[in-house]
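Structure record follows, encoded as structure tokens.
The values are calculated or read from the model by the stated rules, or taken from the named source; none is laboratory data. If you're wondering where the values come from, they're calculated on a predicted model, not measured in any experiment. Cβ sites come from the backbone with ideal geometry, for glycine too, and all protein chains shown count toward neighbours.
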């Protein structure tokens, strides 16, 4: 069997999780609790094995022909639009399927423990498998339309899994919010596809034009910006980032798999896949880079004050995704992919670790009532500490290589503004991650029996929604920490405990990967394996390397130094934990801007006000005037016009047979007369 | 013996046919009983048949007679269906007056 024959079997990779989803949806209830999880995990594990085979088959091909397109069947033969259900295997998509199935199978394994005793256990795994299938279709699709199929599939699974505990209203609402926000981006995807088809007559990647000669600048800019809109929605970038923090209502494995490691990187994948359009449009590149940079910075500033461990990680994810967009925007595609891989490792580990903390702490997610957990869950603590050092950019862990490569690439490509933003963002990353680790695992133990003093005079009822009335709190309390309701510890007498091995193993594995992930792409000549591997997918993209090794080294050390400052700053603030559960030292230091950051710049509230106020009014006006009067009026008007016309004709058909006979007789007589008189002349 | 030769020419047949057709047509228009109207239709059909045969003889063309066979067979079929309908009507209601059978008309207007 040659490598190409093997690569033609790539359909097996998505088929395995699809099989799992179908089996579990049909027979899940009968299969029951432990087995359903093992089936799902086993199939994704098998898909990982198949992906490995694909990887080696791809490695076997000569570097300049590392593309294999196979067509399963014709999906849509519609005139000039001809779409095949096909798979496009190149180094980019093979990288992604390794990531999806590898991290995916670890998270499936973890879910077996995490979802233990859940009411809808088998359905959870069915959706998780369906998600893996959709994500694989997204990255393997041979055309924009097949990718779009997967794109919508992952959106659907994201919705279903965020709302897994739909009995909780917040979960149901968060699912809807994610779904609706993603639709905004999907409009961009659809319009981009229309434009691509109208301009080039095909949607398949293999027939995309290459180079500035084949693509006019204006069209490329339009396509790239529309695809960017889609990517911004899926990858939770400003201004469509608001769904991701709320998506944390879903079970933690879902947050780890979908909202950190894989689905949210689909936007980065799409931009990488469509890089031919970005390459010829420097305007679109600039927009991508700045959206990424601004998101990286602002989300980082918000993350430093979140009291909820998962929301802090969610804002961190938004920020890290911003770095990936920044990398794409400056043309450093392989750096973006490198970041995606490393981020999947360390953020997957952090989310799974957070899930383990929540699991061991009786579903309490508030970091203000944690502390000193390393005594109770040593393995989780150790893994998360490794992941923390990785994300903060401490050498030689993976985050150091991946993030610093992006930041130094920005410098080398003379984007100094983005470079400064990247460095400041790195400092914030170090601060919020250090805060998270120290609040959770170090300092004083606050998990029970701490006096909970609500801010001010104590007349407030516990505030549930973080948007509600922060200004009132700020007025009554000189140190507003309550941006999230009062901290409520777990029930007394239940100390935290370590999670079962089936959960600890994936966390530890991901921590190990987060530690050594940098090996994939070391910044030394001939050790940039990932860059070389991805070269065939990003043909024609200029590479920029530092003039000298020393120069590159100095750049990376500068970033590291700044990150170290962030770590030390947060360490001094949080090394002893919190004296009072509702007093956050960072909050007090920041003073008046703390509520602004804690509430994510009131963006969410602003959007709610805008959509709920003027937006609703406009929609109501459209409903009352345009829809009812104009559109319905036109339809009904045509109907009644024909009704009126038929009323006259209706009189002729009165049902009297003899009148019909008379009409026939008169008609026949008239016809006869006509023949006799006119034709007989 | 010079008997006035009373030769029956084609015209006689045509006049008879016209008379029969007129009787049928007038009957169809004036009578209300469905059965009688049905008989009038038959009368008209046969008047036409007579005309066809007369012309076939006069013009020495067999095709006129062929058409008559067609008309006869269609008329037979029509009788079978029509009589069936009339019987069904009689079973549902006493009497069969054509003017009463207007149920297919839109009753709302």
Filtering region A:326-363 down to residues that are over 25 Å from the mean Cα position of the chain (by Cα) and not in a helix (DSSP H, G or I) yields A:361, A:362
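Taking residue A:670 as the residue in question, decide whether it is more than 30 Å from residue A:180 (Cβ to Cβ) and either within 14 Å of chain B (Cβ to nearest Cβ) or not in a helix (DSSP H, G or I) (or both). Break it down stepwise before answering.
Numbers: more than 30 Å from residue A:180 (Cβ to Cβ): yes; either within 14 Å of chain B (Cβ to nearest Cβ) or not in a helix (DSSP H, G or I) (or both): no.
For residue A:670, the condition - more than 30 Å from residue A:180 (Cβ to Cβ) and either within 14 Å of chain B (Cβ to nearest Cβ) or not in a helix (DSSP H, G or I) (or both) - is not met.
Name every residue in region A:633-653 that is in a loop (DSSP other than H, G, I, E, B) and surrounded by 10 or more Cβ atoms within 10 Å (Cβ to Cβ), in order of residue number. Show your work before the answer.
To start, the set of residues in region A:633-653 that are in a loop (DSSP other than H, G, I, E, B) comprises A:651-653.
A:653, the sole residue that qualifies.
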Scanning region A:50-67 residue by residue, those closer than 18 Å to residue A:146 by Cβ and surrounded by fewer than 21 Cβ atoms within 10 Å (Cβ to Cβ) turn out to be A:67
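Given the criteria touching a helix residue (DSSP H, G or I) at 6+ places or on another chain (Cβ under 9 Å) and within 13 Å of chain A (Cβ to nearest Cβ), does residue B:86 qualify?
Working: touching a helix residue (DSSP H, G or I) at 6+ places or on another chain (Cβ under 9 Å): yes; within 13 Å of chain A (Cβ to nearest Cβ): yes.
Taking the combined requirement at face value, the residue satisfies it.
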Checked against (1) more than 14 Å from chain A (Cβ to nearest Cβ); (2) farther than 18 Å from residue B:13 by Cα; (3) assigned to a helix (DSSP H, G or I), residue B:65 satisfies every condition except (2)
Original post:
Quick check, is residue A:679 at pLDDT 85 or above, over 30 Å from residue A:294 (Cβ atoms), more than 14 Å from chain B (Cβ to nearest Cβ) and more than 38 Å from the chain's Cα centre (by Cα)?
Top reply: no
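Hey, can you tell me all the residues within region A:50-81 that are assigned to a strand (DSSP E or B), in contact (Cβ under 8 Å) with a residue 24 or more places away in the chain and touching a strand residue (DSSP E or B) at 6+ places or on another chain (Cβ under 7 Å)?
First, pick out the residues of region A:50-81 that are assigned to a strand (DSSP E or B): A:67-78, A:81.
Restricting the remaining residues to those that are in contact (Cβ under 8 Å) with a residue 24 or more places away in the chain gives A:67-72, A:75-76, A:81.
Listed by number, the residues that qualify are A:67, A:68, A:69, A:70, A:71, A:72, A:75, A:76.
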Residue hits (region B:20-37; surrounded by fewer than 18 Cβ atoms within 10 Å (Cβ to Cβ) and assigned to a helix (DSSP H, G or I)) are B:22, B:23, B:26, B:27, B:29, B:30, B:35, B:36
* Could you please let me know if residue A:670 is under 25 Å from residue A:184 (Cβ atoms), free of Cβ contacts under 8 Å to residues at least 24 places away in the same chain and surrounded by fewer than 11 Cβ atoms within 10 Å (Cβ to Cβ)? => no
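Show me the helices (runs of 4 or more DSSP H) found entirely inside region A:379-481 where at least 1 residues are modelled with pLDDT of 85 or more.
On the way: elements: A:398-412, A:416-441, A:470-476.
Once the helices (runs of 4 or more DSSP H) in region A:379-481 are filtered for at least 1 residues that are modelled with pLDDT of 85 or more, what remains is A:398-412, A:416-441.
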Of A:664, A:630, the only residue that is out of contact with any strand residue (DSSP E or B) (no Cβ under 8 Å at 6 or more places or on another chain) and either within 11 Å of chain B (Cβ to nearest Cβ) or touching a residue at least 40 places away in the same chain (Cβ under 8 Å) (or both) is A:664
Given the conditions (1) at pLDDT 80 or above; (2) surrounded by fewer than 15 Cβ atoms within 10 Å (Cβ to Cβ), every one holds for residue A:569 apart from (2)
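Which residues, counting only those in region A:561-607, are part of a helix (DSSP H, G or I) and either in contact with a strand residue (DSSP E or B) (Cβ under 9 Å, 6 or more places away or on another chain) or at positive phi (or both)? Before you say what the answer is, go through the steps one by one.
Of region A:561-607, the ones part of a helix (DSSP H, G or I) are A:561-574, A:585-598, A:600-607.
Once the filter is applied, which keeps residues that are part of a helix (DSSP H, G or I) and either in contact with a strand residue (DSSP E or B) (Cβ under 9 Å, 6 or more places away or on another chain) or at positive phi (or both), region A:561-607 yields A:591, A:600, A:601, A:602.
Scanning for something within 14 Å of chain A (Cβ to nearest Cβ), exposed (fewer than 14 other Cβ atoms within 10 Å of the Cβ) and either within 16 Å of the chain's Cα centre (by Cα) or in a helix (DSSP H, G or I) (or both), does region B:7-19 turn up at least one residue?
Of region B:7-19, the ones within 14 Å of chain A (Cβ to nearest Cβ) are B:18.
Next, from what is left, pick out any that are exposed (fewer than 14 other Cβ atoms within 10 Å of the Cβ): B:18.
When the remaining residues are screened for being either within 16 Å of the chain's Cα centre (by Cα) or in a helix (DSSP H, G or I) (or both), the result is B:18.
Yes, the conditions are met somewhere in region B:7-19.
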